[in-house]
Every structure is written in structure tokens, then in C-alpha cells.
Amino acid sequence: MIRFIFSALRLFFFTGLLLTGLGLVGGSFLVFHVSKDLPKLPSPLSRIIETPQSLIYAADGQVLMGLGERKAVPLDMVSPDFINAIVATEDHRFFEHHGINKLRILKGLYITLFKPGKIQGASTITQQLAKNLFFSFEQSWQRKFKELLVALQIEAANSKEEILEAYINQIHFGAGAQGIEKAAQTFFGKSAQDLDLAEASLLAGLPKSPTQYNPFRHYDRALNRRQAVLGRMVAAGYITGEEAGRIADTRPELHNGRTDTRSGSYFVDALIQELVRNYGENVVFHGGIRVYTTLDPRLQTIAENAVRQGLDRLDKLIGLDPGAEERPQAALVSVDTASGAVKTMVGGRDYYASEFNRAVNGLRQAGSGFKPFLYYAAFQKGGFHPASLMEDRPVSVPVTGAPDWSPKNFEKTFRGPMVLKQALTSSVNTIAAQLVENVGPGAVIDVAKACGVKSPLNKVYSVALGTSGVTVYDMAAGFSTLANLGIRRDPFMFWRVEDARGRVIFERIVKDRKVLDPALAYQVVDMMEAVVDTGSGRSVRKMGFKRPAAGKTGTTDNYNDAWFTGFTPSLCTSVWTGFDRKQKLKDKRRVGITGGRGAAPIWTDFMMQALKGEPERAFSTPSNIRFETVDSATGCPPEPAPDIDGQPLPPPEKKIITLKVAIKTGQALCQKEDDEPLP
């Protein structure tokens with residue numbers, strides 16, 4: 001028995017030695033394998049911030065903006081309050097550890113290995129600094145392990161003061177400020193050594209999310225973040241609770257001369273937001289990346305001029321003085337239909353007066369501008385076509401748990417029977433109401449979403465009349481899909497991203513998705529051409545735009561919003577006008593300003609200049625489309641004029657209005673409203 005026990009113990013002992021040896025060998029191999037291509041540490045360490053600025057380029061190659069301008073300062077030229085605040089906030093054990101926090105390492109390792117899809121960092125100040133030596137933006141355990149090894153190298157070769165100095169000179173604070181000196185100048189108009197505790201603690205809270213806590217835009221949010229910083233300073237023993245309470249009641253005054261903190265461009269602002277979502281703020285503002293955008297400077301200038309001149313006309317139409325406190329705003333987005341590239345973006349009257357980007361962030365009701373999605377749904381789900389006959393009459397749609405929905409026409413009159421092409425051309429609300437009652441609001445939403453509208457849409461009948469808020473960007477995206485006869489190419493703002501060494505980390509490949517039946521989409525487009533030629537958008541033709549074009553006006557109840565979204569085969573542009581506070585757009589005679597009067601002129605001015613020199617071309621017609629001429633009041637081909645003994649009869653009391661309609665193979669004319677739907 002004793003011999004057995006000794007044998008067993010000996011077996012366990014040698015097995016333990018073997019496993020330990022294998023572990024050491026395996027660990028050594030891992031370290032060797034991972035560390036063989038580690039970046040070289042700069043000497044002195046302060047050179048770690050020499051990564052070039054991130055640059056944003058226009059489509060023609062000119063630089064739109066540089067990000068991450070820095071101005072390094074020695075540690076003894078920085079307020080001790082800031083040094084204490086940033087250490088307490090980012091790494092309170094900084095002066096105790098040797099580059100890594102063991103507890104954080106274990107937690108991060110557990111999450112990385114056992115929570116699929118999540119990579120957790122350990123994030124000591126030294127490790128954050130180490131990240132700047134890597135030009136790969138992937139998130140993996142190998143990358144994290146390499147950062148750990150570099151952090152250990154940094155700690156072994158440099159003092160804590162050298163590490164901290166390099167760190168505070170490279171972190172991003174937002175508003176174009178890289179490093180503490182630039183941040184102090186940008187936000188408070190003073191040197192980093194002159195920051196007081198109230199200012200220093202506010203700045204120390206910004207690196208967590210420079211955009212979210214930007215005090216120029218979100219002052220109260222930045223102050224709330226400062227509270228967390230002060231709490232950590234108390235916990236770390238840098239200040240007392242009384243000091244924290246006193247500082248919490250102060251509101252530091254921001255620097256007024258801050259024009260250099262803005263991009264000056266609604267497009268660039270929107271682009272940076274997307275880049276940050278994709279790559280993180282550290283990469284965008286500190287990674288030295290090169291971003292090649294879709295912005296066409298020539299078209300952007302034309303768009304800005306068109307918006308400015310259009311708003312000047314609106315001011316005069318309304319009777320506003322140039323110095324009026326409340327003036328109408330506008331937004332414009334133009335998309336290349338062949339690729340989805342966003343060529344222009346204007347988000348308001350004056351960027352420096354209001355940075356709010358109405359093109360991508362403003363949710364406004366589109367009114368009748370949303371009807372093309374309804375008509376496609378009616379063609380697809382309800383068996384209707386452009387010559388289907390319906391009646392313009394009072395409508396009351398029952399709504400469960402709410403009063404009946406009874407929309408009115410813009411003219412407050414009813415015109416009786418008419419075909420659907422005439423109904424869209426004249427933007428008849430009662431017929432639109434009958435269509436959405438037939439197919440349901442869900443079908444309309446499905447079409448809009450399929451076309452690229454990403455704004456939230458309420459599943460109510462009135463969604464067909466544009467009562468859900470949408471962005472100008474979304475309307476340009478959705479109508480671009482119609483322009484392509486159902487081929488969706490999502491809008492985008494950049495073609496390529498390169499790292500600091502010129503290696504491509506992203507390249508756009510345009511992907512086509514067929515989301516609509518081309519013939520049905522063409523029928524809608526043909527009807528929208530009539531809107532421009534003879535309907536609610538005819539001001540486009542009156543202003544001299546002669547190219548083949550299709551579009552739809554939109555005017556909301558009470559005249560709060562005026563839209564025009566339209567396209568040629570190559571370019572789709574959406575324009576919105578209105579007041580930010582949703583007051584009525586009315587002229588000096590108190591007559592409401594429609595999309596045709598308010599937005600269409602801006603669209604026309606832009607498109608006439610943007611397309612100058614480009615060959616004209618018509619929309620391609622699918623092979624299974626034929627054209628028929630019908631009586632707009634019956635949906636049937638007009639009968640030949642009767643005669644008696646070769647003599648024509650007197651003209652009828654009511655003039656017959658004929659329309660040329662696009663009919664898909666298999667669709668029959670003279671379909672009555674109560675007929676069975678066509679297959």
C-alpha cells in the first residue's frame with residue numbers, strides 16, 4: 001500500500017514537472033511568435049506622438065480637413081490638478097504598477113476568451129500609449145497581447161514621468177484638440193499650466209468620449225461627466241469631498257474664439273461621426289489615417305449657393321428682415337444614382353450659426369413626398385396600375401381604438417373619378433387614403449425600407465401621407481432606388497481609408513441589390529415625371545429645367561415643411577425647407593408655401609448647374625412595358641369622335657383629358673375600382 005502511494009506521488013510529481021515544462025515552452029513560443037514583429041519603441045518616448053495628422057480628402061484630391069493637430073508640452077508645464085485628475089480617472093494605480101493592471105488583465109482575458117465577439121482591453125495609461133505604435137485597427141487577443149508586451153517595454157525603458165508626459169500630449173479631447181496644451185487653448189483660451197481644478201477635471205473627463213462630452217455642444221453632459229472625475233479624485237486621495245462639492249457648483253466659462261474647433265462643413269461632420277462609429281475616436285483623430293470621400297467640391301459650392309439664394313427668396317416671400325431672429329432653414333443631399341456616392345450635403349442656412357445638421361439628423365414629415373412608396377405598394381400588393389380608376393371623394397377610414405381617419409385634399413374639393421396617374425400628378429390625398437386602406441400601412445413601410453429609408457416609421461394609415469419624420473438623407477436614398485428602377489445602392493460618404501503607412505484598410509465596393517420589380521418601379525417613375533411636367537412640381541419646368549426628370553413635392557399640414565425630391569437618371573437630390581421650431585411657412589399674404597414654391601426652386605437651381613455639360617438621357621424603359629393613351633376620367637382609351645353623315649357632333653360639355661400611361665404586360669385597361677385585382 002505504502003509502495004503504491006509513493007508510486008502515485010512520484011507520478012504526480014513528474015507529471016507536474018512535465019506540464020510546467022510544457023507550459024513554459026508553450027508560453028515562450030507564444031511570446032516569441034507574437035513578439036517577433038513588435039514595433040520599435042521611439043527614443044525619446046515623446047516621439048510616440050509624431051504620427052501624422054489624419055487627413056480627409058475631397059473627390060478631386062484636395063484636403064478638406066486635417067484632424068489631430070498637437071502641441072507637446074513638458075510635464076512641469078501642465079497644471080498638477082489636471083495630472084491628478086487624468087491619473088485618477090484613467091489609471092489610479094499608474095504609479096504603483098509596471099505597465100499592466102493584473103486584475104484588469106484577468107477580467108479582460110476572461111471576457112475576450114469566453115464572451116464571443118467581445119474584446120476587452122486592460123487599458124492602463126501605459127497600454128493606451130502603446131496602442132499608438134500599432135497601425136492595424138483589428139481587435140483580437142493577439143493585438144491585445146502585443147500591446148501588453150509593448151507596455152512592459154515602455155515601463156522598462158522609461159520613467160513614470162516620461163510615460164505620463166507622452167500620454168497627456170497625445171490623447172484626444174474632441175473639437176480638433178489633440179494633447180492637453182491644445183485642449184486647454186481650445187476650450188478655455190489658456191495654457192495647460194494655468195488650468196484650475198474646475199477646468200482640469202472637466203478636461204480629464206473628455207477622452208472617454210470626446211464627441212459625446214464635447215462641452216461646446218453638450219455642456220451639461222460634460223459637467224455630469226466631470227462629477228465622475230471628481231468622485232475618482234476623492235477616492236484616490238487627490239482632493240477632499242468638500243473640495244469636490246465646491247467645484248461641482250462651478251461652471252467654467254468656455255473660450256469664445258473657437259472657430260478653429262469646427263470643420264465648417266455639414267458633410268465633414270457627418271463623415272467624422274460615421275468614421276468614429278466604424279473605427280473609434282482614437283483611430284480617427286490620432287491614427288494618421290487618410291480618408292478619400294465622395295464630396296464633389298464643385299457641386300458642393302453650387303449646392304451651398306442654391307440653398308443660400310433659395311432661402312433669401314423665402315425670406316422675401318415671407319416678408320422677413322435680414323436680421324430676423326427666426327428664419328427658415330433648408331437642407332439638401334445629392335446622390336450619384338450609379339454608385340450611391342453622396343456628392344453634396346448642406347445641413348442648414350449657416351454652419352457657423354448652427355452646426356445642427358438637418359440633412360442627416362432632422363426628422364421632418366415628408367407629406368405627399370412619401371406617396372411614391374405608397375403607389376408602388378398599391379401596384380405590388382393591390383393589383384393596381386397607373387390607369388386604374390378611383391374616385392376622389394370624402395374618405396373616412398376606421399381606426400381601431402381611435403377616431404376615424406378622414407384626410408382632406410389640399411384644395412379642399414373633390415373631383416370625382418380619375419386614374420391613379422392623375423391622382424399622383426395632382427397629389428390627391430383621398431385617393432391615397434383609399435390605397436393605403438387597401439394595402440395596409442405595413443406594405444408602404446416595407447417599400448420605403450426596401451428602398452433605403454432608415455428613419456423610424458409609424459405603422460399607421462397616415463404614414464402614406466408622410467406623417468412620420470424622415471431625414472433628407474433618407475429621402476435621397478429612397479428616391480435613388482426608384483431612379484434605378486428598383487436597384488438599391490446605399491448612399492455612402494467615403495470610398496477608401498488608408499492607415500498612416502498608406503495601407504488600405506477599407507475600400508468601397510458598390511453592391512447592387514434588386515429590391516423592386518423594375519416594371520412596377522418604372523410605372524411609378526413615369527407618374528413622377530408627370531408630376532414635374534404638369535403636376536405639383538411643374539415650377540421646375542417653369543424655371544427652365546428641360547432634362548428628363550421625375551420627382552415629388554411634399555407639403556405638410558399647417559405648412560410646417562416643404563419638400564421636393566427628384567432625380568434624373570444620373571443624380572438624385574432631396575431638398576427640405578422649413579423653420580426649426582415648426583412654425584408655418586406662409587407668404588406676406590398669409591398664403592401657405594408649398595414644396596413647389598419653397599423647395600423645388602432650390603432643387604432646380606442646383607440641378608441646372610450641377611448637370612451643365614452632361615449629356616441628356618431618358619429613363620430606360622423595361623421591355624415588358626407598353627404605353628397606352630387613356631381618358632383620365634374612365635381609364636379607358638378615348639372613343640373616336642362620333643359623327644352624323646360625315647359631320648362631327650358638337651363638342652361634349654366636359655372636355656376629355658387624356659393621359660399617356662405605362663402599362664405592364666398582362667395588365668388590362670378599364671379595370672373598375674370594384675373589379676377583382678389583376679394577377
Out of the residues in the stretch 588-629 that are among the polar types (S, T, N, Q) and free of Cβ contacts under 8 Å to residues at least 40 places away in the same chain, state the one that is nearest to residue 333 (Cα to Cα). 623
Condition met for residue 281 (acidic (Asp, Glu) and farther than 20 Å from residue 171 by Cβ): no
Answer yes or no as to whether residue 504 is without any contact (Cβ under 8 Å) to a residue 12 or more places away in the chain and either under 29 Å from residue 356 (Cβ atoms) or surrounded by fewer than 22 Cβ atoms within 10 Å (Cβ to Cβ) (or both). yes
Would you confirm, using the coordinates I've provided, whether residue 305 is buried (at least 23 other Cβ atoms within 10 Å of the Cβ), of a type outside the set (Gly, Ala, Ser) and over 30 Å from residue 432 (Cβ atoms)? no
Do we have any residue at all in the stretch 185-207 that's closer than 19 Å to residue 125 by Cβ, in a helix (DSSP H, G or I), charged (D, E, K, R) and in contact with an Asp or Glu (Cβ under 9 Å, 6 or more places away or on another chain)? no
The conditions are (1) touching a residue at least 60 places away in the same chain (Cβ under 8 Å); (2) surrounded by 24 or more Cβ atoms within 10 Å (Cβ to Cβ), and residue 544 fails exactly one of them. Which is it? (2)
Which of the residues spanning the stretch 229-240 are surrounded by 11 or more Cβ atoms within 10 Å (Cβ to Cβ) and either within 26 Å of residue 185 (Cβ to Cβ) or not hydrophobic (A, V, I, L, M, F, W, C) (or both)? 229, 230, 231, 232, 233, 238, 239, 240
Output the number of residues of the stretch 578-632 satisfying the condition of being within 26 Å of the chain's Cα centre (by Cα) and in a loop (DSSP other than H, G, I, E, B). 7
Would you say residue 327 is of a type in the set (D, E, K, R), closer than 20 Å to residue 65 by Cα and not assigned by TED's automatic domain parsing to the domain that holds residue 485? no
Inside the stretch 46-71, can you point out the residues that are at pLDDT 80 or above and in a strand (DSSP E or B)? 54, 55, 56, 57, 63, 64, 65, 66, 67
Specify the residue that is modelled with the highest pLDDT; the eligible residues are those in the stretch 169-184 that are touching a Phe, Trp or Tyr at 6+ places or on another chain (Cβ under 9 Å) and part of a loop (DSSP other than H, G, I, E, B). 179
Can you pull out the helices (runs of 4 or more DSSP H) entirely within the stretch 218-316 that have at least 1 residues that are polar (S, T, N, Q)? 219-236, 266-279, 281-286
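This table checks each residue for (1) touching a residue at least 60 places away in the same chain (Cβ under 8 Å); (2) more than 29 Å from the chain's Cα centre (by Cα).
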position	(1), (2)
192	yes, yes
209	yes, no
224	no, no
246	no, yes
264	yes, no
282	yes, no
288	yes, no
291	yes, no
297	yes, no
Would you mind stating whether residue 353 is closer than 30 Å to residue 214 by Cα, of a type outside the set (D, E, K, R), outside the structural domain of residue 458 (by TED's automatic domain parsing) and modelled with pLDDT under 95? no
Selection count, the stretch 308-325, where residues are closer than 15 Å to residue 580 by Cβ and either loosely packed, with under 11 Cβ neighbours inside 10 Å or among the polar types (S, T, N, Q) (or both): 1
List the strands (runs of 3 or more DSSP E) that sit entirely inside the stretch 502-573 and contain at least 2 residues that are of a type in the set (A, V, I, L, M). 504-507
Top-ranked residue of the stretch 427-442 - restricted to ones that are of a type in the set (Gly, Ala, Ser) and surrounded by 21 or more Cβ atoms within 10 Å (Cβ to Cβ), ranked as nearest to residue 384 (Cα to Cα): 432
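The values are calculated or read from the model by the stated rules, or taken from the named source; none is laboratory data. Small disclaimer: the values here were computed from a predicted structure and weren't measured. Glycine also receives a Cβ, built like all others from the backbone with ideal geometry; neighbour counts cover every protein chain displayed.
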